[in-house]
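Laboratory data are not the source of any read-out in this text; all were calculated from the coordinates shown. For clarity, every value in this text was computed on a predicted model and none was experimentally measured. Note: ideal-geometry Cβ built from the backbone for every residue, glycine included; neighbour counts use all protein chains shown.
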Amino acid sequence: MHGKCVSRTQFPSHPASLALKGSLNATGLQRFRIFRVNTFAYRCQTGVFASTYLLTRKVEHILGFMSNDVREKIIAAAMTAYAECGFQGATTRRVAEIAGVNEVTIFRNFGSKAALMDEALFRKVAELKIVDPPLPLTPIDPLDELTNWCSQFLRQMRGSRDLLRKAMGAAEARFHELANGFEPARCADREVHDYVQALARDGWVGSALLADPDSGELLTAAQTMLIGALWGDAMARELKDDPALWVPETRAARRYVQVFLRALAVSEPLPADATEAGASITSSMSHT
């Protein structure tokens, strides 16, 4: 029930992946209902960004349904209620109260509470899976590029931490909520993975690390530690009981990146032979 992160080096043949379910409304007019939005984001070489969520909204606009103000208010209210109380506590009565609509309107538009919450969660996850601007395909200034990207990632996750924590705490019966709660981190992990491969390919990573027989695993471990630090910061910072255990919030992203780059021994670009060694390593990583 969760979307797929597509590597920016492996573009799909078509950018849309929509599952549409036919249904009849009360007047018998044929309409489509978004049954599932399988989202991903990618960046093509021309710098164009896309997500199936945005394409979904375009389809809805063209067909002239499912994008009215009332529906949008209900979805926004559902996300608010979900962030407050999770699936069990977010009643349709509470959603209707926040949206300022009659409870019957919710069932007329979505059919059930589960369908409403699923669409709201899928929509929010689709937004959070895109960090804009993305990491470049060719590194030029790793410290600034990674710091800017990590800062934006932290802002997005911190702004939605209540909703994500509720999703990660979902009961087994709603396992897809838990899976979707981790989707932003999984997609971030993939983007950093591709960037690390580019760093190794272009000669930024230290030659001693590249020469290590376990260099592929070491690069992956460093990437995992960076994403773990960002995710832990975003989800738990306000719970801290000892300031000495946390990097100041305004400098956190840069400090995490500095430690990460030092682990990779990133400094000046390496000679051509080291760059070729890096390309060999990344090639072997892509086949494992």
Problem - For the range 189-196, 3J(HN,Hα) per residue [Karplus equation, 6.51 cos²θ - 1.76 cosθ + 1.60, θ = phi - 60°, Hz, x = Gly/Pro] - result: 4, 5, 5, 5, 4, 5, 5, 4
Completion exercise
To the nearest 0.05, the calculated FRET efficiency linking Asn102 and Trp246 through their beta-carbon distance, R0 being 51 Å, is 0.65
Practice task
With a cut-off of at most 16 other beta carbons within 10 Å, and DSSP calling the residue loop, which trypsin sites (Lys or Arg not before Pro) in the range 227-265 qualify? Please list them.
Solution key: Lys240
Fill in the blank from the handout: Here the residues of the range 198-228 lying in the modelled label zone of Ser267, meaning backbone nitrogen under 12 Å from a point 7 Å along Cα-to-Cβ, are 205-208
Fill in the blank from the handout: Taking a crude spin-label model, label points 7 Å out from Cα along the C-beta direction, the Gln152 to Arg186 distance in nm is 2.2 nm
Fill in the blank from the handout: Cα-Cα longer than 24 Å, checked against Lys73/Lys113; Lys124/Lys240; Lys129/Lys240; Lys166/Lys240, kept in input order, equals Lys124/Lys240; Lys129/Lys240
Practice task
Obtain the nm distance between the two label points defined at Asp212 and Met168 by a simple spin-label model: each point lies 7 Å from its Cα along the Cα-to-C-beta direction.
Solution key: 2.7 nm
